[in-house]
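Pasting a structure here, questions to come.
The values are calculated or read from the model by the stated rules, or taken from the named source; none is laboratory data. Because the structure is a prediction, the values reported are computed rather than measured. Cβ atoms come from the backbone with ideal geometry, glycine included; neighbour counts cover every protein chain shown.
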């Protein structure tokens, strides 16, 4: 058992123990290392000013992450590069020069984070186009420039070779972690066996992977003491893989992993994930984290329900598999015993293939198109028989205590032909079953209207109707 | 002449993370971290504090509240706000202050202070305030000398317009650090647009005279008006703790709290009647304008007044009755924000242009064109006659550049297609923004110029650099004036020891006022250097060892002397490098340093008659905006924004372009996605970027361009330039009116801003 963590900051080894590991990386950089180029603006991973680069043990490249919600105990064995070190790189200096020449930095507070985020992009693209740059910078807010000059500076910057950043070669520290400091207690076991043992003995344990959610909760001072079990160190060679007809999603699989996996096979999913969150969040946030959080507006859940995802649970009593639909009982209430952990998600490849070939759409509507929590998310698929309606499957988020899952077939719907009547029936049936609430993201009336319109949009997008009804 | 491009000294350090903002200053040993304790009710009284959970914490140092100060009142205009509230006026009002050993513990401990309240019912909207007659001032009126006479053909349009507030969302939150040192001296490092006010308010808090308080500002991570008056309160709390504890103290607000406790753009409520001719010509406008001042006065009075000054925007209004009043509500005290009330005034008339067009079935562009200030219609509702007016030219040039007529046809066709899920809208709107502080005394500035014997220069003014490029612009103006390469000019940190009695860097006037003062100081030194150069030229050799030979340069010779390429030349063949001349000056006891004071001339306003000449000049421009709306979801995308701006002779086009685009996008946020929503108990529910959505990079117009309208007539201002900070903000309103165009909702009497997806979908269904 080890009671300290090791990480590398700008190539320098840091061994940290005790209370200090319960700090966010941004505070450690600013307060303990005097690396004040990393700015903290929102403390909730929504603005990107605190972006730094991180390399984990299983990837070759660095990726941009939000350092404000990356607590140190989640960064064991990681390598971090900040803007100060990045500025020594001649390629980055070209980018910085273009920033100056294009007037892409006004007050300058967002700039270091943007430079770090773009460094991530330049590892993958030597001459990124406007679209790539926009997608890369979705999570970096700037209040001064109106972004156009940032876009110009980044478009101007082109390299012959993908950006290479130095790494330190080191041996991984593979012992389980157990760190205590007063009201804080952190475990990161190496095996499922250890993990389930801990959960059995401490059912109050909060389970985390990369802390994108808990990091925010902690920064908002909503909890003052905690006992955490991280699954980050449980060894799996791959974050997600195909096995026995299923896509297996492990607790380490990030949204970025899934987005990449889906990019060519299921572009619809990949597109939804594009507007789901910023690259910095997607590089850290896990799919299982989204599922286990159980928010009725969890953006991946409608898709996972639609794909007939199963949840594999593990405890000292063994494993069991349940449908994702049955995992949710009520608002943040789960079909999960106190001693159980989610081991993985299983998505049948067959349903994925059916969805991608058939009539299937994913929608998300929020106040701001990108990087915003949705007012409504809706997944819909339709099965046909002899070119007539057979079955509609809808999964709707943001309209009840959990993501709602409905299947309507000819027992529920009288109309068979595509047109106003069928749409109305499906939409009436759906509206009957949902009960959205009013909050700052939208009123109940608005959410109902959105659901109604998104159903219409589905028929329009799938070309069952030509006109906008 | 080819324009020189040189790098802004700051932006290079920004990209490397090297710029030092207040919280980046390395703490001294034993530095104290402060955090305010905030009320969790919107109205009532503090009955008692319970510190039992706090005092035992090893990180706790001290707790301060109203009982620790004698004179518990401050304010930028009148002292009506408490430093620590006993009688609570809004949710999140500062009621106490924790001093602790670490930044994290100061914030945690502040939340652990238990407060007992006596609660009262708050007023949370303008309408409620009107009903309960809760106001911060009496009604102010601009009434036209001639009354409108009824004409049977004229058309009247009545309605109500609700305009939402806006959070500044400067990226660097409010921050201050105060060092207490010997001689009862305070050194204050503050993220403020107004160091002089910080000095005054800290003096009020501590009872230490102004002379023993130094305020220094390196650089702000954004201000937008949010650090004009708001920074003083934070600095004063820091000063109090620093004096009481005799230690260096810092107070850095977390984003959530900064959002909840600092003032914002004023929401406005307009109740209006406009009368137009059948051709759409404005005959008469009556507006009852209410701004939501929040709990205290702050700067609400000049903000309301500027709202009234800009209700005409670019359009001539022959008869009018404009009444303005500030509602007092139990919300944060609203404050300056880019445009200072101007956008809320201009948004009304631009919205009305759209309504008039839709009512009379005229193209709103045509309505705007006939109402623009032109020819003999150049007098504003406050009696100022517009000089050098190019609004008609700007509008028609932009109409050509953006192919308005053919785009209009195209949009008509696209919108008639029932198989398209998109609805398009287009609108061309303008800006005419008055430049000068409306409080006359603020239109002054001073500068210090030190030339060193190695031929380099230090310049110091009261201007605060917050990203708007003011230090770069002043440097450029000095570089042109002195014929020196910019690298030789070093801009000093803004500090009240070098420049006292300064005005806030605000009202877009930073460059105008401070560069003018820098040139006045420069001129004094230049005159002495010309005497010296002239004296050398008489000697026919480059050395002047005997200062008794110094002579006054005659006027006809002065004209010939040129400062260029780091040299001084023009008399005969004598070329002396600037370095040589300055070193000579030093050896001969010629002063190389001077101070300049500038005040804006010819501006006045009579508060009794509500007429005058409040502005030195106007910055003008126009934009054509095209939007598309999804018929199913109400989501919008700005397709195109083409801007034409008259900034006289721009000091630096790159910087001005950045200001224009930044202002446009910031205003786009204001009219679309940025929404301040309060819970019934007065708590601001949208208080962080998760819930309050400012535009991100995906939201910018697909096509986005800025052109400059050439104009050499603005001799009233330094280097014939025009101010840029606020004027283009008013252009963002076009996103709102373009959406109106798409929705064709101009016949509705009640409209509200912003157009969120929800608001749009409401109009669609």
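Kindly evaluate residue B:76 against the criterion of being modelled with pLDDT of 95 or more and within 11 Å of chain A (Cβ to nearest Cβ).
No, not satisfied.
Follow-up. Among the numbered conditions (1) within 14 Å of chain A (Cβ to nearest Cβ); (2) farther than 30 Å from residue B:293 by Cβ; (3) crowded, with 16+ Cβ neighbours inside 10 Å, tell me where residue B:28 comes up short.
Answer for residue B:28: the failing condition is (3).
Of all the residues that make up the stretch A:412-459, how many are within 14 Å of another protein chain (Cβ to nearest Cβ), in contact (Cβ under 8 Å) with a residue 24 or more places away in the chain and surrounded by fewer than 18 Cβ atoms within 10 Å (Cβ to Cβ)?
1
All but one of (1) under 30 Å from residue A:463 (Cβ atoms); (2) over 22 Å from the mean Cα position of the chain (by Cα) hold for residue A:338, so report the exception by its number.
Failed condition: (1).
Quick check on my filter: what residues within the stretch B:654-676 are under 14 Å from the mean Cα position of the chain (by Cα) and under 14 Å from residue B:265 (Cβ atoms)?
Across the stretch B:654-676, the qualifying residues are B:663, B:666, B:667.
Something else now. Quick check on my filter: what residues within the stretch B:490-510 are surrounded by fewer than 22 Cβ atoms within 10 Å (Cβ to Cβ) and farther than 19 Å from residue B:21 by Cβ?
B:490, B:497, B:498, B:500, B:501
A further question on this structure: With the requirement that a residue be in a loop (DSSP other than H, G, I, E, B) and within 14 Å of chain A (Cβ to nearest Cβ), what does the stretch B:387-422 give you?
B:416, B:417, B:418, B:419, B:420, B:421
Residue check: is residue A:114 touching a helix residue (DSSP H, G or I) at 6+ places or on another chain (Cβ under 9 Å), away from every other protein chain (no Cβ under 11 Å), under 24 Å from residue B:175 (Cα atoms) and crowded, with 24+ Cβ neighbours inside 10 Å?
Criteria not met by residue A:114.
State whether one or more residues within the stretch B:33-40 are more than 14 Å from chain A (Cβ to nearest Cβ), under 34 Å from the mean Cα position of the chain (by Cα) and farther than 26 Å from residue B:221 by Cβ.
Yes, the conditions are met somewhere in the stretch B:33-40.
Same structure again: Which residue out of B:189, B:167, B:182 is out of contact with any strand residue (DSSP E or B) (no Cβ under 9 Å at 6 or more places or on another chain) and within 30 Å of residue B:23 (Cα to Cα)?
B:182
Moving on to the next point. Does the stretch B:321-334 contain at least one residue that is in a helix (DSSP H, G or I) and farther than 27 Å from residue A:42 by Cα?
Scanning the stretch B:321-334 turns up no residue that is in a helix (DSSP H, G or I) and farther than 27 Å from residue A:42 by Cα.
Please determine whether any residue of the stretch A:362-370 is touching a strand residue (DSSP E or B) at 6+ places or on another chain (Cβ under 9 Å) and more than 14 Å from chain B (Cβ to nearest Cβ).
At the first step, the residues of the stretch A:362-370 found to be touching a strand residue (DSSP E or B) at 6+ places or on another chain (Cβ under 9 Å) are A:362-367, A:369.
Subset that is more than 14 Å from chain B (Cβ to nearest Cβ): none.
Taking every residue of the stretch A:362-370 in turn, none turns out to be touching a strand residue (DSSP E or B) at 6+ places or on another chain (Cβ under 9 Å) and more than 14 Å from chain B (Cβ to nearest Cβ).
Go through the residues of the stretch A:155-167 one by one and say whether even a single one is within 14 Å of another protein chain (Cβ to nearest Cβ), in contact with a helix residue (DSSP H, G or I) (Cβ under 6 Å, 6 or more places away or on another chain) and buried (at least 20 other Cβ atoms within 10 Å of the Cβ).
Yes, the stretch A:155-167 contains at least one residue that is within 14 Å of another protein chain (Cβ to nearest Cβ), in contact with a helix residue (DSSP H, G or I) (Cβ under 6 Å, 6 or more places away or on another chain) and buried (at least 20 other Cβ atoms within 10 Å of the Cβ).
Take the stretch A:316-331 and flag every residue that is in contact with a helix residue (DSSP H, G or I) (Cβ under 9 Å, 6 or more places away or on another chain) and touching a residue at least 40 places away in the same chain (Cβ under 8 Å).
Correct list: A:316, A:325, A:328.
Then there is this: If you go through the stretch A:131-148 one residue at a time, how many are under 20 Å from residue A:91 (Cβ atoms) and either free of Cβ contacts under 8 Å to residues at least 60 places away in the same chain or within 8 Å of chain B (Cβ to nearest Cβ) (or both)? Walk me through how you get there before you give the answer.
The initial filter retains those residues of the stretch A:131-148 that are under 20 Å from residue A:91 (Cβ atoms), namely A:132-133, A:136-137, A:140.
Remaining after also requiring either free of Cβ contacts under 8 Å to residues at least 60 places away in the same chain or within 8 Å of chain B (Cβ to nearest Cβ) (or both): A:132-133, A:137, A:140.
Total satisfying the criteria: 4.
While we're looking at this one, here's another question. Within the stretch A:460-469, track down each residue that is more than 7 Å from chain B (Cβ to nearest Cβ) and out of contact with any helix residue (DSSP H, G or I) (no Cβ under 6 Å at 6 or more places or on another chain).
A:461, A:462, A:463, A:464
Of B:651, B:671, B:706, B:718, which residue is in contact (Cβ under 8 Å) with a residue 60 or more places away in the chain, closer than 22 Å to residue A:108 by Cβ, more than 11 Å from chain A (Cβ to nearest Cβ) and in contact with a helix residue (DSSP H, G or I) (Cβ under 9 Å, 6 or more places away or on another chain)?
B:651
Within the stretch A:240-252, take every residue that is crowded, with 21+ Cβ neighbours inside 10 Å and free of Cβ contacts under 8 Å to residues at least 60 places away in the same chain and give me the one that is farthest from residue A:190 (Cα to Cα).
That would be A:240.
Any residue in the stretch B:119-142 that is without any contact (Cβ under 8 Å) to a residue 40 or more places away in the chain sitting within a Cβ distance under 8 Å of a residue that is surrounded by 14 or more Cβ atoms within 10 Å (Cβ to Cβ)? List the pairs, counting only those 6 or more apart or interchain.
Going by the 8 Å Cβ cut-off, the qualifying pairs are B:132/B:123.
If the requirement is being over 24 Å from residue B:310 (Cβ atoms) and in the same structural domain as residue B:369 (by TED's automatic domain parsing), which of these qualifies: B:625, B:620, B:567, B:633?
Testing whether each residue is over 24 Å from residue B:310 (Cβ atoms) and in the same structural domain as residue B:369 (by TED's automatic domain parsing) leaves just B:633.
State yes or no: is residue B:638 touching a strand residue (DSSP E or B) at 6+ places or on another chain (Cβ under 7 Å), under 14 Å from residue A:147 (Cβ atoms) and more than 10 Å from chain A (Cβ to nearest Cβ)? Reasoning before the result, please.
Numbers: touching a strand residue (DSSP E or B) at 6+ places or on another chain (Cβ under 7 Å): yes; under 14 Å from residue A:147 (Cβ atoms): yes; more than 10 Å from chain A (Cβ to nearest Cβ): yes.
Criteria met by residue B:638.
Restricting attention to the stretch A:43-64, which residues are closer than 20 Å to residue A:141 by Cβ and over 18 Å from the mean Cα position of the chain (by Cα)?
Matches in the stretch A:43-64: A:49 only.
Separate question: Of all residues in the stretch A:141-193, which are over 30 Å from residue A:234 (Cα atoms) and touching a strand residue (DSSP E or B) at 6+ places or on another chain (Cβ under 7 Å)? Lay out the reasoning, then the answer.
Within the stretch A:141-193, the subset over 30 Å from residue A:234 (Cα atoms) is A:141-163.
The one that is over 30 Å from residue A:234 (Cα atoms) and touching a strand residue (DSSP E or B) at 6+ places or on another chain (Cβ under 7 Å): A:148.
Also, quick follow-up: What is the number of the single condition among (1) under 30 Å from residue B:91 (Cα atoms); (2) facing chain A (nearest Cβ under 10 Å); (3) in contact (Cβ under 8 Å) with a residue 60 or more places away in the chain; (4) crowded, with 24+ Cβ neighbours inside 10 Å that residue B:696 does not meet?
The single condition residue B:696 does not satisfy is (3).
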